[in-house]
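Novice: Provided herewith is a single structure, encoded as structure tokens, for subsequent inquiry.
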Amino acid sequence: MMPLKKNPSHVAKDTALFPLFKAHMGKDLHLARIRLICLFITALCKAKSVNFVKVSAAFDTPSLASSCIRRIQRFMAEVELPMKLVSSFIFKSLPIKGKLILVMDRTNWKFGGSNINILMLGVAYRNVAIPLLFKMLDKRGNSSTEERIDLMQDFMDWFGTERIDCLLADREFVGDKWLKFLNRNQIRYHIRIRNNFKVFLPRKQQYIKVSHLFNAVKVNQCQHYRHIVSLGEELCYLSATKSVVQGKVELLVLVSFNKPDEALSYYRERWQIETLFRGMKSSGFNIEDTHLTALDRLEKLMMLTMMAFIWCYLIGDYIDTQIKPIKIKKHGRRAKSCFKYGLDYLSEVLLSGFNKLNFCVVQVLSCT
């Protein structure tokens, strides 16, 4: 039996990501920490799982996997990784340089007796929401108004309110104080509300369920209520449409800061955050494979996964627009998302060593 060849190198080489991450993080993190980040992200794209055993086995280093696991564990336990540092890295990598459509939503899962609950703010772009910043919630259930405001305030402080086109969110994200914050900061929004929600009609001086305002709306028809209404103490506009979901007619009502005629076309972009969550979970990095339950360690894992996500997305977007478009199926939908397209190709390149499409997979993440 022929013996396996030994590794002639006893020194781990920096990954191709290192110069890029060093340029962005060199003033804030020790070089050894940056190397670990690069190794982790590269290994994550190969393993397609955040499980430390799988990630450590994919590290581009001559060290034993057990040693790599200890390095990962020490990083998660000891290193301070600022959210602003990671968010600004992703923000500079965004393919959109103008105003951004922001999407807020929450994802959760259960590991043992622990509930993992994450409030996410992403940027809607070409069939996916790119993760930008988030907040770990130390509880089950809905986010509070204060938690949502904190997340939006971070975006405004770090990147500027002027970069916001509008905010999209589902029925969980309503409330007087929340809408007051958005209105006072002149942040346009289109947020779904429950059909039994009551609003005040200033013209008629009465409260009414929003569903009653749109009784005459037909399936696939859009309607905008002509007059301004009050939701709590906040003035706003309403729009609605009806569709058939699983054989039942469903009414969708939106509350907006202004321009209700644009509300429904904008709100159709909200589903893109579901593509993001699938990419972070079952169709991408399998974030639910983690055994971490400490919020500070989970937060670091999420930030590393977000940086891997934007890398894969930009690769998929480049291939789709410049080299080989994603196939369109008979029902008119794309065969896969840009993120999945990029992840599959990058994983193949990293595992095989062959870049068959012959373009620089690191250059797309140049933050220029």
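Novice: Tell me which of these Val249 doesn't satisfy, since it passes every other one: (1) over 25 Å from Trp178 (Cα atoms); (2) of a type in the set (A, V, I, L, M); (3) surrounded by 14 or more Cβ atoms within 10 Å (Cβ to Cβ).
Specialist: If we test Val249 against (1) over 25 Å from Trp178 (Cα atoms); (2) of a type in the set (A, V, I, L, M); (3) surrounded by 14 or more Cβ atoms within 10 Å (Cβ to Cβ), just (3) comes out false.
Novice: Another one. Given the residues Tyr345, Tyr318, Tyr313, which is the only one that is closer than 21 Å to Asp60 by Cβ and either in a loop (DSSP other than H, G, I, E, B) or not basic (Lys, Arg) (or both)? Show your work before the answer.
Specialist: Details: Tyr318 fails: closer than 21 Å to Asp60 by Cβ; Tyr313 fails: closer than 21 Å to Asp60 by Cβ.
One residue alone meets the criteria, Tyr345.
Novice: For the structure I just gave you, tell me whether Thr305 is under 21 Å from Phe18 (Cα atoms), touching a strand residue (DSSP E or B) at 6+ places or on another chain (Cβ under 9 Å) and polar (S, T, N, Q).
Specialist: yes
Novice: (1) in contact with a Phe, Trp or Tyr (Cβ under 7 Å, 6 or more places away or on another chain); (2) surrounded by fewer than 17 Cβ atoms within 10 Å (Cβ to Cβ): which one isn't true of Pro131, the others all being true?
Specialist: It is condition (2) that Pro131 fails.
Novice: Could you tell me which numbered condition Asn108 fails, if it satisfies all but one of (1) more than 14 Å from the chain's Cα centre (by Cα); (2) over 21 Å from Ile164 (Cβ atoms); (3) without any contact (Cβ under 8 Å) to a residue 40 or more places away in the chain?
Specialist: Failing condition for Asn108: (1).
Novice: Quickly run through the stretch 56-65 and pick out the residues that are over 19 Å from Thr305 (Cβ atoms) and either under 27 Å from the mean Cα position of the chain (by Cα) or of a type in the set (A, V, I, L, M) (or both).
Specialist: Correct list: Leu64, Ala65.
Novice: Spot the failing condition for Phe285; the list is (1) crowded, with 19+ Cβ neighbours inside 10 Å; (2) more than 14 Å from Ile191 (Cβ to Cβ); (3) out of contact with any helix residue (DSSP H, G or I) (no Cβ under 6 Å at 6 or more places or on another chain), and only one is missed.
Specialist: The number of the failed condition is (3).
Novice: Is it fair to say Phe277 is assigned to a helix (DSSP H, G or I), closer than 29 Å to Ile191 by Cα, of a type in the set (Phe, Trp, Tyr) and at pLDDT below 95?
Specialist: For Phe277, the condition - assigned to a helix (DSSP H, G or I), closer than 29 Å to Ile191 by Cα, of a type in the set (Phe, Trp, Tyr) and at pLDDT below 95 - is met.
Novice: Right, another one. So which pairs qualify, if the first residue must be in the stretch 26-51 and closer than 18 Å to Ile287 by Cα and assigned to a loop (DSSP other than H, G, I, E, B), the second must be aliphatic (A, V, I, L, M) and modelled with pLDDT under 95, the Cβ gap must be under 7 Å, and the two must be at least 6 apart or on different chains?
Specialist: Here the result reads Val50/Ile287, each pair linking the stretch 26-51 to a residue that is aliphatic (A, V, I, L, M) and modelled with pLDDT under 95.
Novice: Moving to a separate point now. Quick check on the stretch 97-119. Is at least one of its residues outside any strand (DSSP E or B), under 19 Å from Leu365 (Cβ atoms) and not basic (Lys, Arg)?
Specialist: no
Novice: Let me ask you something else. Output the residues belonging to the stretch 136-148 that are in a loop (DSSP other than H, G, I, E, B) and under 17 Å from the mean Cα position of the chain (by Cα).
Specialist: The answer is Ser143, and nothing else.
Novice: Moving on. Exactly one condition in (1) basic (Lys, Arg); (2) free of Cβ contacts under 8 Å to residues at least 40 places away in the same chain; (3) touching an Asp or Glu at 6+ places or on another chain (Cβ under 9 Å); (4) under 23 Å from Leu298 (Cβ atoms) is false for Lys177; which is it?
Specialist: Of everything listed in (1) basic (Lys, Arg); (2) free of Cβ contacts under 8 Å to residues at least 40 places away in the same chain; (3) touching an Asp or Glu at 6+ places or on another chain (Cβ under 9 Å); (4) under 23 Å from Leu298 (Cβ atoms), Lys177 misses just condition (4).
Novice: Still on this structure: Here's a check for you: in the stretch 66-102, which residue that is small (Gly, Ala, Ser) and either surrounded by fewer than 16 Cβ atoms within 10 Å (Cβ to Cβ) or under 22 Å from Thr293 (Cα atoms) (or both) is nearest to the chain's Cα centre (by Cα)? Before the answer, list the steps.
Specialist: Initial filter on the stretch 66-102 (small (Gly, Ala, Ser)): 66-67, 77, 87-88, 93, 98.
When the remaining residues are screened for being either surrounded by fewer than 16 Cβ atoms within 10 Å (Cβ to Cβ) or under 22 Å from Thr293 (Cα atoms) (or both), the result is 66-67, 77, 98.
Details: Ser66: 31, Ser67: 31, Ala77: 24, Gly98: 18 Å.
It comes out as Gly98.
Novice: Could you identify the single residue in Leu151, Leu167 that is assigned to a strand (DSSP E or B), under 19 Å from the mean Cα position of the chain (by Cα) and either on the phi > 0 side of the Ramachandran plot or buried (at least 16 other Cβ atoms within 10 Å of the Cβ) (or both)?
Specialist: Exactly one residue qualifies, and that residue is Leu167.
The values are calculated or read from the model by the stated rules, or taken from the named source; none is laboratory data. If you're wondering where the values come from, they're calculated on a predicted model, not measured in any experiment. Cβ: placed from backbone, ideal geometry, glycine included. Neighbour counts: every protein chain shown.
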